[in-house]
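Report on the structure given below.
The values are calculated or read from the model by the stated rules, or taken from the named source; none is laboratory data. The structure presented is a predicted model; accordingly, all values stated were derived computationally and were not measured. Quick reminder, even Gly has a Cβ in these numbers, built from the backbone with ideal geometry, and neighbours come from all protein chains shown. Surface accessibility is based on the protein's heavy atoms, side chains included, excluding ligands, DNA and RNA. Shrake-Rupley method; radii C 1.70, N 1.55, O 1.52, S 1.80 Å.
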Amino acid sequence: MSMNDLDALEAQSIYILREAFNRLDKIAMLWSIGKDSNVMLWLARKAFFGHVPFPVVHVDTKHKIPEMIEFRDRVAKEWNLPLIIGENRPALDSGMGPHLGRVECCTALKTDGLKQILGEHGYTGVIAGIRRDEEGTRAKERVFSPRTEAAGWDFKDQPPEFWDQFKTDFPPGTHLRIHPLLAWSELDVWRYIERESIPVVELYFSKNGKRYRSLGCAPCTGSVVSNASTVAEIITELETTKISERSGRAQDQESEDAFERLRAGGYM
Amino acid sequence: MTNIASPMKIVVVGHVDHGKSTLVGRILNETGALPEGKVEYLKEVCDKRGMPFEWAFVMDALQAERDQGITIDTAQIRFRTQARPYVIIDAPGHKEFLKNMITGAASAEAAVLVIDAHEGVQEQSRRHGYLLHLLGLRQIAVAVNKMDLVNFDQARFEVVKAEIVAYLNSIGVEPTYVVPVAARSGANISSKAAETPWYTGPSVLEALDRFEPAKAATDLPLRFPVQDVYKFDERRIIAGRIESGRIKVGDTLVFAPSGKSARIATIESWGGNHIAAVAAGAGQSVGVTLDEQIFVERGQVASLIESTPSLSHSVKARLFWLGREALKVGSRYKLKLATAEYAVEVTAIERVIDVEDLANHQGAEVGRNAVAEVVFRSKAPISHDSFIVNPRLGRFVLVEGYDIVGGGVIAEADAARQEHKSTNITFVDHKVNFDTRSLGNGHRGGVVWLTGLSGSGKSTIAMEVERQLFLKGWQVSVLDGDNVRHGLCSDLGFSPEDRAENIRRVGEVSHLFAQAGVLVLTAFISPYRGDRDRVRAIDPELFHEIHVATGLDECERRDPKGLYKKARAGQIPEFTGISAPYEEPIVPELSVITDGQTIEESVAEVLRYIEETFSLSAREQAVGWGL
């Protein structure tokens, strides 16, 4: 009955998911097909005893790596997920892509794509799998994080959050982002994937001396040099690496505050 | 791999600009926690701004933070020493970001308080120290930073050390270590610095490694707040997190406040290769099914019969206030404790604590970022423990509108405990309970508390109301100020302390009568708001305050006992209205303005209120008699 670190993280994430489900009228979970959101889905099934009692939303930028889409459709079927696929059709039709600017592309295809689906379905809570250890502004996030009517993040005036009493009251028209994995590290995620045998996209495993550490759209996601071809080998690699996780994500490196601007505008 | 402990959570606090973020950045660098290229990247960022290298930028990731050179929000980053993994929480020192400091500090197991050797102990050093203690943190190490600016002078270090140790001791905290540090150059961060040969204690990292990890709450009595009830399939699952104690299949759970109980039939779980659990303990998020389908809902707290939580309508708490509007007596909030929510009203502000000198002030309101002791009352009984006994059920937040505006820890309250006991007796032991008596009498028992100046008409009104209610067949009685001073309170004088004791006794006696079904009218000047609020807190459901609001001039003109004349002549000391204060009720249930109306009119007003409030309706009687 004594709890180790993964037990404690799991229990806390389940508590957060149950709070979101109980306190908010209309919630949805974002599924990026990456390892973190797979873990999050797994935790939801644990929290609700095998059920996923809210829609799972994937914002498709049409630039995703093909293996990710194949994985999405297979797992959604196997796990019987209530999947909703969103996209920013007008932006796609007008030819939006990273050649028009990486930050602009992320904003149009991901953030605006998400906003459209929020507006369409009237969600008041969006569950996202971000973690504090990914990046500096995410390190400052709240578990229940309010967004303005325009989906903006007012990072200079975040609500107090302590003793697991979350902000669950908010004006109409605004919504909350819920972050059940905020306290997890990249290493925790992999150790949990190993412990629970959670499926992940093959792209994470080394092929010809390279692998993906973080998955996004094909044009802006690079791979890292690695020979780790199993979950266990990835864990060993992460225990010693000094390369940051999102180093392969080009949109973060556009300028000093590129990611902050993306997030303030409503990016995950 | 199965038994890796959770990282220890450390918060770094202190006055603005004393170097918290720099210390954190330096710790991360010395422990190799920064990713490759991070330092080079930050050097570039600093160069672009034309400034020297800034360690603080590791944590201060926001543009506004870098532009202004201050930490706005709390951040968390991991590192590890030889001994164990850590999560380090950086908390802002600016007074206006106190909510963010609390957000960071509330989840920590231990703290480092940073103080500038040059500036010494400042306002936020004290405030943060005080709040850490209030939040329940007992392990605090002090880093006296910027020793390089005072040439590593031992005498200066000793002065600052003595000052902060004296303050922390006065709030009951013994710092584990006080370390002289220069975060910018790295002195005494990971190893002993050559610049401080006179210092023999541990470095900062060594001091961290000596903190004790937080103990699991498994050994405390069971507290299992209901978070939700699921019916996704044929199972009806009671879901929640075990806050303290443990459960096993077959245990009988008692749910507060309903008092209903049932046995645990199964502990449910889902996932891969799980084995059905037969037991679970503190910290686990679980789901159970019961052997009987009793009514259970979110907010109820399951415990074992040997040790149930306290249940009371009134709680006293020490709180920190973050609201933009001040907290006042009479203000209403939503109080969230574990998974429950209660509508509460502030009935008393017992004291406002100045964190600078720890002096207590009488205050009518609690301003932003202040600390105070406050009494709340709630229509529904609050299931709780005192914070010292079980923090998990002894702390709460307050919500006003859409926002969390404060947090508090519950003190051990005598009134609450006593009420808890008598509530149990009424509900469990008495064969004739409050409701049965009400039904028999046709009205509820209660305390109608008349307060007002001497000569305002309290006794006159009370006696006439008593006569008329009696004629209507009511169980009614008056407790009169002058009369009880001949017996029950014959040992008491008129000092504030004696007046308080007088009112306390009368309050207890009148509630005994009320619980026995009697409508009690009291006629006491009862000039102090705090005294009256304490009587209200005995049982807010029963207590109704009526302000007999006759002006001082009119009372003095009436002077039925010639007391004002004597008081004016200096023959009666501490006479209310003349030489002692009268604190008017802020939100009385009824206010009777006797000036310019006849006694009969005033009596009729009070009678109307009592009959409307305490009579049982025909419907209530029909339901009560089972018709």
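Answer rounded, prolate or oblate for segment A:201-253, using the Cα gyration tensor with square roots of eigenvalues a ≥ b ≥ c: rounded when a/c is under 1.5, else prolate when a/b is larger than b/c, else oblate. In terms of gyration-tensor shape, oblate. The apolar share of the surface of chain B, taken as the fraction of accessible area on carbon and sulfur atoms (1.4 Å probe, ligands and nucleic acids excluded), comes to 52 percent. Interface burial in segment A:234-250, defined as at least 50 Å² less accessible area with all protein chains than with the chain alone at a 1.4 Å probe, covers A:K242. Consider a paramagnetic label point 7 Å from the Cα of B:R568 along Cα→Cβ; state which residues of segment B:543-557 have an amide N under 12 Å from it. Label zone hits: B:553-557. Projecting the Cα atoms of B:L42, B:Q68, B:L563 onto the dipole axis of chain B, where Lys and Arg carry +1 and Asp and Glu carry -1 at the beta carbon, places B:L42 farthest toward the positive end. Dividing the summed helix terms, -39500 (n - 2.57) for each DSSP H run of n ≥ 4, by the number of residues in chain B produces a 222 nm estimate of -8000 deg cm²/dmol to the nearest 500. For the pair B:E612 and B:E123, label points projected 7 Å from Cα toward Cβ lie 4.8 nm apart.
Within segment B:212-243, name every residue whose backbone N is under 13 Å away from a label modeled 7 Å from Cα of B:Q293 along the Cβ vector. The answer is B:231, B:234-237. Using Cβ point charges alone (K and R +1, D and E -1), the dipole size of segment B:8-209 about the Cα centre works out to roughly 380 debye. Which of B:Q475, B:G493, B:M463 sits closest to the plus end of the dipole of segment B:441-501, meaning its Cα is farthest towards the positive end, when Lys and Arg get +1 and Asp and Glu get -1 on the C-beta? The residue sitting most towards the positive pole is B:Q475.
Taking Cβ atoms as reference points and 9 Å as the exclusive limit, the residues near B:E109 contribute a net charge of 0, counting Lys and Arg as +1 and Asp and Glu as -1. Subtracting the Cα-Cα distance of B:E541 and B:E36 from 0.36 nm times their residue separation leaves 175.4 nm of extension gain.
Suppose every Lys and Arg Cβ carries +1 and every Asp and Glu Cβ carries -1, with no other charges. What dipole size does segment A:201-253 come out with about its Cα centre, to the nearest 20 debye?
On the way: 7 positive and 6 negative charges, 36 e Å.
With Lys and Arg at +1 and Asp and Glu at -1, about 180 debye.
Here chain B is treated with +1 on each Lys and Arg Cβ and -1 on each Asp and Glu Cβ, and its dipole about the Cα centre works out to around 1040 debye.
For the chain pair A and B, buried accessible area totals roughly 6000 Å², probe 1.4 Å, rounded to the nearest 100. Once the partner protein chains are put back, segment B:197-232 shows a loss of at least 50 square angstrom of accessible area, versus the chain by itself, at B:Q227, B:Y230, B:F232 (probe 1.4 Å, ligands and nucleic acids excluded).
Legend: calculated FRET efficiency, A:I85 to B:Q154, from the Cβ-Cβ distance at R0 = 51 Å, rounded to 0.05, equals 0.15. Evaluating 6.51 cos²θ - 1.76 cosθ + 1.60 at θ = phi - 60° for every residue in segment B:588-599, the Karplus couplings come out as x, 5, 8, 10, 10, 8, 7, 4, x, 9, 6, 4 Hz, glycine and proline recorded as x.
Site-free segments of chain B were taken between trypsin sites (Lys or Arg not before Pro) in DSSP loops having at most 10 other Cβ atoms within 10 Å, sites themselves excluded; the longest one is B:1-214.
Only DSSP H runs of four or more residues enter the estimate; each adds -39500 (n - 2.57), and after division by the residues of chain A the mean residue ellipticity at 222 nm equals -10000 deg cm²/dmol.
Between segment B:152-179 and segment B:243-301, the C-alpha centres lie 47 angstrom from each other.
Free of any chymotrypsin sites (Phe, Trp or Tyr not before Pro) that DSSP assigns to a loop and that have at most 10 other C-beta atoms within 10 Å, the longest stretch within chain B is B:296-624.
I need to check one value: relative contact order of chain B, counting alpha carbon pairs closer than 8 Å and at least 6 residues apart, in percent.
Once normalised by length, the contact order is 9 percent.
Look at the dipole of chain A built from charges on Cβ: of A:S32, A:A20, A:W190, the Cα furthest out on the positive end belongs to A:S32.
Comparing Cα centroids, segment B:578-623 and segment A:12-78 end up 59 angstrom apart. Of the chymotrypsin sites (Phe, Trp or Tyr not before Pro) found in segment A:189-226, none is in coil by DSSP with at most 13 other Cβ atoms within 10 Å of its Cβ. Among the residues of B:70-78, the average count of other protein chain beta-carbon atoms within 10 Å of the residue beta-carbon is 5.
By the Kirkwood approach, averaging reciprocal distances over each pair of separate Cα atoms, segment B:310-419 gets a hydrodynamic radius of 13.7 Å. Element breakdown for chain A at a 1.4 angstrom probe: carbon and sulfur atoms account for 50% of the accessible area. The overall shape of chain A is rounded: from the C-alpha gyration tensor, with semi-axes ordered a ≥ b ≥ c, the ratio a/c is less than 1.5. Rounded if a/c is under 1.5, else prolate if a/b is larger than b/c, else oblate: which is segment B:217-303, with a ≥ b ≥ c the root eigenvalues of its Cα gyration tensor? Here segment B:217-303 falls in the oblate category.
Within chain B, antiparallel bridges make up roughly 65 percent of the DSSP beta bridges whose residues both belong there.
Other residues within the sphere of radius under 10 Å centred on the Cβ of A:R142, judged by their own Cβ, net out at 0 (K and R +1, D and E -1). Label separation (B:D491 vs B:K43): 7.9 nm, computed from points 7 Å beyond Cα along the C-beta direction.
Think of a 1.4 Å ball rolled over the protein heavy atoms: the protein assembly as shown then has 40 Å² of accessible area per residue. For the pair segment B:503-565 / segment B:71-118, the C-alpha centres are spaced 50 Å from each other. Compared with the dominant principal axis of the Cα atoms in chain B, helix B:496-515 is inclined by about 70°. Here's how it looks for B:A340: its modeled amide H is under 5 Å from none belonging to a residue 5 or more places away or on a different chain.
Grouping the Cα pair distances of the protein assembly as shown into 10 Å bins from zero gives a pair-distance distribution of 2, 11, 18, 21, 18, 13, 9, 5, 2, 0, 0 percent in increasing distance order. For the pair B:Y402 and B:T266, a Förster radius of 35 Å applied to the C-beta separation gives a FRET efficiency near 0.35, rounded to the nearest 0.05.
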